[in-house]
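The values are calculated or read from the model by the stated rules, or taken from the named source; none is laboratory data. Predicted model, so just to flag it, every value in this text is computed and none were measured. Here Cβ is always computed from backbone atoms with ideal geometry, including for glycine, and neighbour counts include all displayed protein chains.
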Amino acid sequence: MEQYLIIFIAMAVFVALNTIRVILVIRGKKGIAAVIAALENFIYMSAFAFAITSPDNTIIPILVASAGYAVGVLTGTLLEKKLNMGYLVVQIITEGDLQEIIDELRKDNYGLTNWKISGLHGEKDMLYLLVKKTRYSLLEAKIKSMRPTAFVVMYEPKYFYGGFVSR
């Protein structure tokens, strides 16, 4: 039974680390990703060795490893959300006088660019911001309170440099 627990935990940790490593690679953090990859491989090989050398010749160790893998996917996803690593590009499309919202966002140390755009129903305004993920919920609350009908698009940038990045 102890061997099954080791296999389960090892696979869950392996996949959770794999999720974090992939995110780090995408974000260009190659050094730490390489260290995590080595740890990942050690954990995987150990779990694999435990599974194939199990004294009971049943499929149970493989099922336990598979269950650990599934839990690792869930854990990795939750970890990524908790760590809130990286930045988001936020585009806010709305209409009307934007000076109040621009002043409010700049007062809160958000760097933004705004310009006029054309939509199906005439001219609109667009605000373009780069924000740390940790600050997005504050920004979202402010937008919803000041512009509840705004159209908001956000995505993760792969790479950026220069400009003003909110702290």
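Brief remarks on what is shown
- Selection within the stretch 136-166 - basic (K, R) and modelled with pLDDT under 90: K158
- Any hit, the stretch 75-96, residues being among the aliphatic types (A, V, I, L, M) and within 30 Å of Q3 (Cα to Cα): yes
- Taken as a whole, the structure leaves S118 outside the set of residues that are in a helix (DSSP H, G or I) and either of a type in the set (G, A, S) or in contact with a Gly (Cβ under 9 Å, 6 or more places away or on another chain) (or both).
- Per-region count, the stretch 120-137, residues loosely packed, with under 12 Cβ neighbours inside 10 Å and not acidic (D, E): 4
- Residue match in the stretch 15-37 (condition: in a helix (DSSP H, G or I), under 23 Å from K158 (Cβ atoms) and of a type in the set (S, T, N, Q)): yes
- Per-region count, the stretch 42-62, residues assigned to a helix (DSSP H, G or I) and surrounded by fewer than 13 Cβ atoms within 10 Å (Cβ to Cβ): 4
- Any hit, the stretch 15-25, residues being of a type in the set (S, T, N, Q) and either in the same structural domain as K133 (by TED's automatic domain parsing) or in contact (Cβ under 8 Å) with a residue 24 or more places away in the chain (or both): yes
- Condition met for A65 (surrounded by 17 or more Cβ atoms within 10 Å (Cβ to Cβ), more than 30 Å from T149 (Cβ to Cβ) and not assigned by TED's automatic domain parsing to the domain that holds K124): yes
- Scope the stretch 68-102; condition β-branched (V, I, T) and assigned to a helix (DSSP H, G or I); matching residues: V71, V73, T75, T77, I101, I102
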